[in-house]
Each structure stands twice: as C-alpha cells, then as structure tokens.
Amino acid sequence: MPESQPRSQIILVVGGGISGITTALEVAETGYDVVILEKAPTLGGRVAQLNRYFPKLCHPTCGLEINFQRIRKNPHVTVFTMSTVAAIHGERGDYTVTVRRTPRYVKPHCTACGDCARVAEMKVQNPFDYGLGDMTAAYLPHEMAFPMRYVIAPQLIGTHEAENVKAACKYNAIDLEEKESTFDLHVGAIVWATGWQPYDATRISPYRYAYLKDVITNVEMERLAANNGPTHGQILCPSNGEFPKNVALVQCAGSRDHNHLPYCSRICCLASMKHAAYLREQYADVRVDIYYIDIRAHDKLEAFYRKIVNDPQVRMIKSKPAEIRIGTAGEPVVCGENTLTRHIYSNSYDLVVLATGMQPSYSMNESLVNLKTDDYGFIVPDADKNGIFSAGVAAGPLDVSMSVQSATAAALKAIQAVI
Amino acid sequence: MSTRNTGVYLCSGCGIGNAVSMDGLKNVVESEFKKSCKIHEYLCGDEGLDLIRSDIVEGMNQIVIAACSPRAMADRFRFNSVQVIRANLREQVVWSHPEKTEDTQMMAEDNLRMAVTEAGKSTAPEPQFDGEHSEVIMVVGGGHSGLTAAYESARTGYDVLLVERALQLGGMARKWSKRMPIHPPYQNPQPNTVANLIEAVKNHPRITVKMGSTVAKTSGMPGKFSVDFSDGSSHTVGAVVLATGWRPYDAGRLKHLGYGVSPDVVTNVELEGMLAEGRIARSSDGNVPEVVVFIQCAGSRDSDHLPYCSSVCCGVSIKQALQLREAHPDVMIYIIYEELRTPGVAEEFYRTCQRAGVIFMKGKVQKISSSLEITVNDAFLQEEIPLQGVEMIVLAIGMVPNSTNVEIESQFLDEEKLKLLSSDVNHYAPIKVAGAATEPITLSADPLPKGESILNLQYRQGPHLPMLAHGFPDSHYICFPYETRRSGIYVAGPVRRPMDMGESAEDATGAAMKAIQAIRTAARGFALHPRAGDLSIPRINLNPCTKCRRCTVECPFGAIDETEQGFPSVNVTRCRRCGTCMGACPVRTISFTNYTIDMLGSMIKAVHIPDEMEEKPRILALVCENDAYPALDMVGIARLSFSAYVRIIPVRCLGSVNLLLVSDALSAGYDGVMFMGCKSGDDYQCHFMKGSGIAQERLSKVGETLKSMALESERVTMAEVSIADSATLPKVIQNFVEVLESVGPNPFKGF
C-alpha cells in the first residue's frame, strides 16, 4: 500500500534490452505511462545481437519485432535512446531523474534513407558485431534498429568528411553541432534493467584470446552465425576465412572462478550446446569438443543437452583447460587434464569458442546513482530506495525467459509504487 | 459511421520519386478511384504532416499514405481518430527494385491500388463494452506461489479469491525447515518466512481464502469467468492464476535405490520433515546417522522416470547437508551427483558446502544393498567404489507438476478431444545436421498427464490447459513466458516449470501482473498480447453459417464456443484477433470491421493483371505481417532485390487466410499464389501457435480446388520464412517464379 499519494505516476525503465522492453510494455499495456532510457542508439540490447535462442533455435529478432510493434502502437511508451541516468533525487512516488544524452548527430526527423551512409568513407569498428567487422561512420545500427534512425559516429565529427555527410542528407537531419545535454524527468518509480556485458576474455590470459585470432568468445560466435553478421551467417575461422573442421567450446571461461567471475552465468552451457548445433547444421564433417565442469541444463532444457551430446560428432571432455597455446601453424592448442581419465591432453583446433560469462553492466560503468549490490555487482533490494527495482540480468545471471519473468514481476512492483 | 472521406498522400522522398513516376501514381488514384491525391517530397516531415492535418481539419477522416513501410514512421503518421492505411512503396518497391523500369512502376501502382481498395473496405473498429467486468483475481493453490500471487495482487488494489484444496495454507513450502539463500552472501540457509506470508494473506482485507475447496468448473472469459466450486458455491472472477505447485516424484518407484527396501532410505522431502522437527534419526533404530549419503537425480534425468532436471534438487541437498552439518558436526556427508547444478549466484552456496567438508562424488550409483552399501561408479576414479557404513540415504527426488488432479480419474476420454490435447503437447524438434551424415536425434514423447483437469475449463478445446512438455503447462515462447493459450489464465510457480522459492515468488508476481493486465485490457475492449491494443473483434453472421464447426475447432485460443443449436459464439475477451476463424470459414461469414475476406479479395482483384502476351506473370504473396513481412522490408533496407512480379498482401497470421482467396486469385489471372508464414510443427514460431500449421494443412487440400479449375498444383505453394531470412528470401521467390514460368501462364488471364 502506498505510504503517501505518489506525486508522479510515470514509471522510468533504465535499459532497453529484452528485460527493460518487457517491463515497459507490461506497464504500458496495463495503462500506465512509461519512459525507457537506452544507452545505445537502438533498443534491443544483447538479444538483438544473438543469432538464435536455445532450445527452439528461433531468432530473437522475431520476438523483438513483436515488441517493437507493441511499442509503436502504444501511446503510453516514450523512448529516449543514447541516454543514461546521471542522478536520482527524491523518494518512492516522487523521483527527479537527471538524464544525460550523448549526441547522435542525427535529428529525430531522419527518414533512414541511408544517403549519409552512402557518402561516408570513414570506417569504424562495428560494435554490433563486437568489432568483428567495420562499418561506415554514418550508420544504421542494424536493419531492425528501433528507432529506425541513423547515427553519426563521434570519430567523424570535426573532419572534413563530416560536412559531405551532412550535405548528403536531403532532409537536413544531420546536426554536427549537437552537444551532450541533460534534462530532468519526474517519475514515481524506477526499474533498473541494464543487463550485462560479456566478461572481458583478454583478462583470462592463459587462453590467449588477445593473441590467437581463432580464439573467439561465445558472443562473437553469435555474430558469425547470424545472417546479418560479418560473415553473413557462415561460421568461418577469423584467421583465414576457412571452414572450421575441429572446434572446441570451452565452458566456464572466467566463470565459477575466484580470479574472474565467482558465480555461474547459467546460460553458457546451453549457449554452447546451441553453438554445437549451429556448427553441425553448417558442416557435415565438423567435430566439436566441449570442455566443461558441470553441464547445467535445467528443467526441460535437459532434452536439448541430450540431443547435442547424443550426436556422435560431439565429444564431451570434463576439464577446465589450463591454457590455450599457440600451435606450430599458429593454431590454438587447448591444453589441460581430463579430470575423468586423468589424461593430459593438448588438442589442436581450427576454432576455439570461449564460453565467457555475464557481468552486470551496472557495476561495469561508473555508478552515479549508488544502488545496493552484492559482491558481484548484481543489484539487490534496498529498503532505503523502495521505489527503485531491478529486472533481468541486472539482478542476477538469467536466461531470456527468466529475464522476462523477472521483468514482468518488476513491472508490478513499479506499478505498486505509483498507485 | 460518418461518410468515408478518404485522402491519398504520396511521398516522393527517400528515392521514391526518382524510381517511379509520381504523376503515374497520382493518375491511378484520381482516374481509377476518383479520390483526392497529393504528392509531397517529405511527407513525414513537419510540412508534410501539416498538409495532412489541414485536410483532416477540412473533414478528411481516412488517410492512405503511400510512402515507407507501415513498420516505419508509425509515430509520425498517427492522427487522432483518423484511420490510416499504408502502402509500402519504399522498402518493398523502390529500395528492392531497379529505378524507372516498367515493372517497378507497375508494382508501385498495384501497391497503391491495393491500399486504396483496402481503405474502401475497411472501417476502424470501435471499443465494445458488454456489461459488467469482474476485477477479482482467482488464485488456485495456496502454497508459496499462490500466496505470493494473491498478496501482490491485493497490494496492487485488486480483490483476490484464493482457493486451496487443503485445510491449511502454505503448501509444500510450509514443510521446509529453512530455505536456500536469496540474499548475499548466498552462503547459508535462510529462515523460511512462508508463515509470515500466510499471516499477511489471511489478514489482508482484499483477500478471501477459500479452504478445502477445489474448482469444479470454469467457464466464461477474461473479465467474466464463472467458476463453480466443489462446495456448490460459484463466483465470477476476472482472471485466474494457477499456482497448484508440485508433488514429489513417487519414490516407491525407486526400489533400485533402496526406497521401501530399507527404512533408512528417505527422500529429500522426508528429511526436510526431520530437519523441521529438529530431530534427525534413522527409522530403524532411532539413532542419529553417522554417515549420510545424498543421491542426486534420484528418478530425474532418467528416461524410465522423469526425463527432465528438476532444477532445485542440487541446491536442496546442499542446504540439507549444511543443516545436517550444523546440527551434527561429526556426521560424514556425501553427495553423489552426475552434474552439480547450482546456476547463478548459487555457486557460492555450493562452495560453502564444499568448505564445510561435505564430500561431493561425481558418479552414478550402481547398486544399493539392503545393508545400505552403495556401489558408485566414480567418474573421477573410473572405477566402482563401495561406500560402506552408510547409515542413511537421502534420495534427491524431483518435482512433478500438479497440472492435473491425479486423485480424480480423468473423465476426459473423448477421442477427438484427446487428440486436440495431444496436439498441444510439444517436444522440441530434432537438431538439423548438415548433409546426411547423422540421423537427426529425437526424443521419445512422454505420455499425457493423467487425472482430471484442475480448472475443468468448459471450452471447445477441452478442460485442460495446454501442456508444453512433461505435463508442465508452460509457454512455448522464449520471449513471452507468460503467453497463454487460454486468455486471462496464467500459470505460476513449479507447476509451470521446476523452480525454487525465490524464483516462484518472482514468477507469481509476474503472473499477478499479467492477470491484472488481462482484467484491465478486457474492461477496455482491447486484445491481449500479441495484438495488444487491437479493438477489432470477429463478427459472425449466423444466417449463412452451416454449423460446420471449423472456426470453433481451429481457434488456437479456444475462444469460440458452440451454442446449443450448434452455432459459433465468440467469447470476445478470450479472442486474440488472429483471424484463424476467418480463414476457417467456408462460407465467408466471419470478419472484422477492418479485416475481411471481401477486403482481401478486393485487394487481390485490384491488381492489374497483364495479359498473356506481355509475359509478365503475377504472383500473389500472402505474407505473415509479423515475420515474413519485416523480412521483405529488410530485403529493401539491405538494397537486395526480389522479383517485381510479386504482389504482397500482409495478413495477421497465415491462419487468417481463407482458401477461397486462392481460387479468387487464380480466377483473377494470377499465375501463382505463395503463402509466407512462420515455422510450424514442434518448434513452431507462429505467434498464434497454430496459424501457420493450420494454413499448411488447409493448403494440402487445395489440390482439389486446382483440379476443379484444371490448374496445375505447382501454382500454389507455401514457404516457411523467418524474420532473419531476408538474404535468402529473394531466391525463394525467384524459385517460385521459375516454377511458374515452366508451368506457363494461367489460362484464366483476361477472363
């Protein structure tokens, strides 16, 4: 029950990934006003970068399209992209949130015609592909971007080329002078749904991710397998562009490890099973070795795990590899001890995929709002901030369904704070 | 409604004006349709929008916008109380076809003709209110999940009717001595607070608890469910949360693990009882056991018992081992496991248990003697290890969903209905493998759950909630775990999926959210997910109705009942507006105000069909608006190209496509018809569950129609298209064009 009458009935959702979108839509479809803040130029978050979901092997963009349609049709939802929270003041029912907007350099009336990108020559790393490919400095984040609007990379600003790009826009939608700005929102409740970042694989130094091109991470594997990725969906070895014939999937790369992430990220086992499925769909002869500590395939996902391990070309090796060496031909060599057979192995591969875990984005970025977290950086409930809630992976390592479940619950908690 | 006053606006921006003749398009509108038509070079800009707004002020009440895809600029092209119809000239015409060619121009003109025709046949729906709506939420099951759903609903201001079969609240959770940690540092068992929750529920003024009762019958729909109870009473409620929880797997079936053979073999649930009483003792001699062995996956992950993982048992054994260790520091504790599953932050709980000196053995139990000697096939040592001196064995048994009432034998033996239910049971489809090197691996189906339905739904589709797998009535969708095929009824807690108390509290809160949303949505006349906000409802003209029952049978949501006379009767708030009924009706008598067979048929006929001599085939593509249509947009966004012979009509779902449209199209001279919809089958991706599958089934029977028209069967095809298929879609279309070219032109052309 509300302690006092809330002064604002608007709910703010921080983060526009699957959890934030879900909280916002559940709130809006119940008839309350909601504002989404998203740091990136488009909604969709991590799931937009995934190729497919386990265990159905369906495309995340399918559900995103439905969610974007729901947003488009719903007058209760307002979206601010390239926006983060700079400060929060006030209390449950009455918060003033200072929002910081970084410049997109493209005004809202962009039609997404793409003329700017056609004249842009400067190339920058494509963050959507985790840097696996380049893109022009005037770009659409991806073909399902929401809002469907272009972005000018800050690297272009101040260059001579920037003027050409600006001139190419028939609709005068490019504003090279745009500056960072702040504005205030008055809201009654806040749901923090800032999701996760992949654990930095360069920090697992024995795995030589920084030195071996053919050692990639699980999130990069998603981009390689995606039709809209840098290889148009063909899984190819980054070093030579060839088909991989022998692939290692290394579980718990940095997870369940006190030197890195002490917790289990829950999703990596199944994600690797899915990667085995991608490989087997593409290459009849490919052999896949999965190095693991425990395979964590909860509830009905057990069936998905069984299907993969029953494949004669998939081999399970119980071992946390000690290191990945550089082979004579520059290939990755996975070394360690099989804890079941006590066999000391050193196996060469064409491609090694590190199943890196999820790290809460909240704790990865300088925190200006001082929410209560556990030792890992996941947000925990705080009696002093009882109008602020967390949803999805901001609150703990969850898969997509569990994140949506968490986000739906957070929607109700937020509504309770504004009625 | 007031007189239709339609204005057509053409945008020449984003390359449209360079690629096609705007005057040619304008001429189509003015000469063929006699409508007002204006061209603007930047229609979504402020000036363009002002142009439209000023005409609205002048009395325009329906707008056709021929510009970008309806997926773009929806927020700009939204005008109060004016119906907007969109023609896609940008993504699906000029961005995906060569500039200034005859074919591109013809395609643009036809898209415009279809949109203006649509406008003439479409009326914006208005909200329908029919009487009182109940805002009461019925929660079935008074365990931890049900209590949470009730409490959270009440806290949000809704009245709750909580129904519990037993004579006390708390369910399984009441028996727990402690619970697994949900707060940092996640190391130690935490107090079980379910007693507080029970008190809070009992004392809440908005919650009525109905103890010792079960549901006898549920009929009605969101906002007005009518529920009869075992005690003869009945209530009207607005939405339902089913939280009937779980029961332990029958340990009597685990004789091979010593249960029932030795009294000192107990289940985790039985040990929990001892922990709650504070007295751990062997049944055989009353002594505290000195050596206790936990056996994980007892009857779980086992094709002879429960094929799935119950998710919680590893954590439960760790909790119980820690509690045992605390009570009796000298007791020797082993946990024998195959995979230790402590996902997320529960990893810390596992480490705490290791630090406490509990011995974890990875292996499989081979046999257990009557004196409790356990032979373990130790995975690490790769040999059989005998464990002697064991004084108590705890079987970590799994969770069975209470999705049916097993105490009552099912009366549900009608074969037709049984088939309907079994078609709802889904198993994940085999993994595809490249080449033919390996047989796809499939898993055997599990049997249907036994017992009577808990809600006993009075639906055409049978009394049960559809099951996903293993008797869990879970959602099939990864993105939408609360999606339900019985609108307004949400499943929460371990009956939906095995889960612990922390997760079930969250799940129950989420289900309460959905129940509240269903009530508010019903009261406003809106559709539920995925067409949230849609006001259109199916109207059935009963005069031509032949009582064939196809609409009632095919509705994926069981929204249509049959009256005593055998006529269909729509339960409006159950309906999700997919139009599968409209697709099913052989006499075209089901329609929405803004979506009718006549409208689609007229759009089909609005296209100009070149005569045979022109050698320009025409293909009608009926395309799912949720996946295939966006994929076609993305063909344009990527500036790829597809055949300009195709004419695209987006549909709510392929399930809404009536086969009569196919004969309409072929009679009109189209050379072929292509359905593009989502994947059907076990791993279906159709947003209306069965729509694309039903379309496929209907199409399998189109051969006779074609035969009666003396046409080749190749002229009609269906493609399963996912939203990520834009790169391959042009090829799929081209292949069909080539098939049609080899078949030759439709002889009906020009008639």
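Each reported figure results from applying straightforward, stated rules to the coordinates on display, with no laboratory input. On a predicted model such as this, the values are computed, not experimentally measured, just so you know. Cβ atoms come from the backbone with ideal geometry, glycine included; neighbour counts cover every protein chain shown.
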Loop GluC sites (Glu not before Pro), segment A:136-217 (other Cβ atoms within 10 Å of the site Cβ: 15 or fewer; DSSP): A:Glu177, A:Glu180
What FRET efficiency would be calculated for the residue pair B:Glu615, A:Arg203, taking the C-beta separation as r and a Förster radius of 60 Å, to the nearest 0.05? 0.40
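Here is the link list: B:Lys319/B:Lys362; A:Lys56/B:Lys450; A:Lys56/A:Lys245; A:Lys318/B:Lys364; B:Lys224/B:Lys514. Which ones come out longer than 20 Å on Cα distance? Display every interim value, and only then the final one.
Working: B:Lys319/B:Lys362 18 Å; A:Lys56/B:Lys450 27 Å; A:Lys56/A:Lys245 25 Å; A:Lys318/B:Lys364 15 Å; B:Lys224/B:Lys514 16 Å.
Pairs exceeding the cut-off: A:Lys56/B:Lys450; A:Lys56/A:Lys245.
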Taking amide hydrogens as modeled 1.01 Å from N in the peptide plane, which residues meet the under 5 Å criterion relative to A:Leu340, leaving out close sequence neighbours? A:Lys318
Local charge sum around B:Ser31 (other residues, Cβ-Cβ under 14 Å, Lys/Arg +1, Asp/Glu -1)? 0
So who's got an amide H within less than 5 Å of the one on B:Lys38, skipping anything under 5 residues away but keeping other chains? H placed 1.01 Å off N, in plane. B:Val8, B:Tyr9, B:Leu10
Which distance in Å, rounded to a whole number, links the C-alpha centroids of segment A:155-219 and segment B:236-268? 51 Å
Set of segment B:662-680 residues, backbone N closer than 17 Å to the point 7 Å along the Cα-Cβ line of B:Asn735: B:673-680
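Over the protein assembly as shown, what is the percentage of antiparallel beta bridges among all DSSP beta bridges, to the nearest 5? Could the numbers behind the result be given before it?
Values: 68 of 171 bridges.
Close to 40 percent.
Note down the net charge around A:Thr231, summing +1 for each Lys or Arg and -1 for each Asp or Glu among other residues with Cβ under 14 Å from its Cβ. Walk me through the numbers before you get to the answer.
Details: positive: A:Lys213, A:Arg223; negative: A:Asp129, A:Asp134, A:Asp214, A:Glu220, A:Glu222, A:Glu242.
Once positives and negatives cancel, what remains is -4.
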Stretched out fully, how many nm does the piece from A:Lys107 to A:Asn365 gain, at 0.36 nm a residue minus the Cα gap? 90.2 nm
Restricted to segment B:251-398, the DSSP antiparallel beta bridge percent, nearest 5, is 35 percent
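Please figure out what share of the DSSP beta bridges in segment A:200-356 is antiparallel and state it in percent, rounded to the nearest 5.
Numbers: 9 of 28 bridges.
Expressed as a percentage, antiparallel bridges in segment A:200-356 total about 30.
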Can you grab the distance from the C-alpha centre of segment A:278-347 to the C-alpha centre of segment B:531-586, Å, no decimals? 51 Å
When the Cα centres of segment B:359-390 and segment B:333-357 are compared, how far apart do they sit, in Å? 18 Å
Which aspartates and glutamates does A:Lys213 reach when only Cα atoms under 17 Å apart count, and residues fewer than 8 places away in its own chain are ignored? A:Asp129, A:Asp134, A:Asp200, A:Glu222, A:Glu242, A:Glu323, A:Glu331, A:Asp350
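Between B:Phe229 and B:Ser602, what's the calculated FRET efficiency when r is the beta-carbon distance and R0 is 45 Å? Round to 0.05. Walk me through the numbers before you get to the answer.
Details: r = 51 Å, r/R0 = 1.13.
Efficiency computed from Cβ-Cβ geometry: 0.35.
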Test of the criteria: in segment B:586-685, which GluC sites (Glu not before Pro) are in a DSSP loop and have at most 13 other Cβ atoms within 10 angstrom of their Cβ? B:Glu615
Hey, which lysines would be in cross-link range of B:Lys605, C-alpha to C-alpha under 27 Å, not counting anything within fewer than 8 residues on its own chain? B:Lys26, B:Lys34, B:Lys35, B:Lys38, B:Lys100, B:Lys121, B:Lys616, B:Lys701, B:Lys707, B:Lys731, B:Lys749
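Per DSSP H run of n ≥ 4, the term is -39500 (n - 2.57); total these for the protein assembly as shown, divide by its residue number, and report the mean residue ellipticity at 222 nm rounded to 500 deg cm²/dmol. Each step should come with its number before you reach the end.
Values: 29 runs with 300 residues, N = 1170.
Estimated from H runs of four or more residues: -7500 deg cm²/dmol.
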Looks like segment A:372-419, by Cα gyration tensor root eigenvalues a ≥ b ≥ c and the a/c under 1.5 rounded cutoff (else prolate when a/b is bigger than b/c, oblate otherwise), is oblate
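Dividing the convex hull volume of the Cα atoms of the protein assembly as shown by its residue count, what figure in Å³ per residue is obtained? Mind showing how you got there, number by number?
Details: hull volume 207.0 nm³, N = 1170.
For the protein assembly as shown, the hull spanned by Cα atoms encloses 177 Å³ per residue.
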Which one of A:Thr30, B:His204, B:Tyr308 has its Cα pushed farthest toward the positive end of the charge dipole of the protein assembly as shown, where Lys and Arg give +1 and Asp and Glu give -1 at the Cβ? B:His204
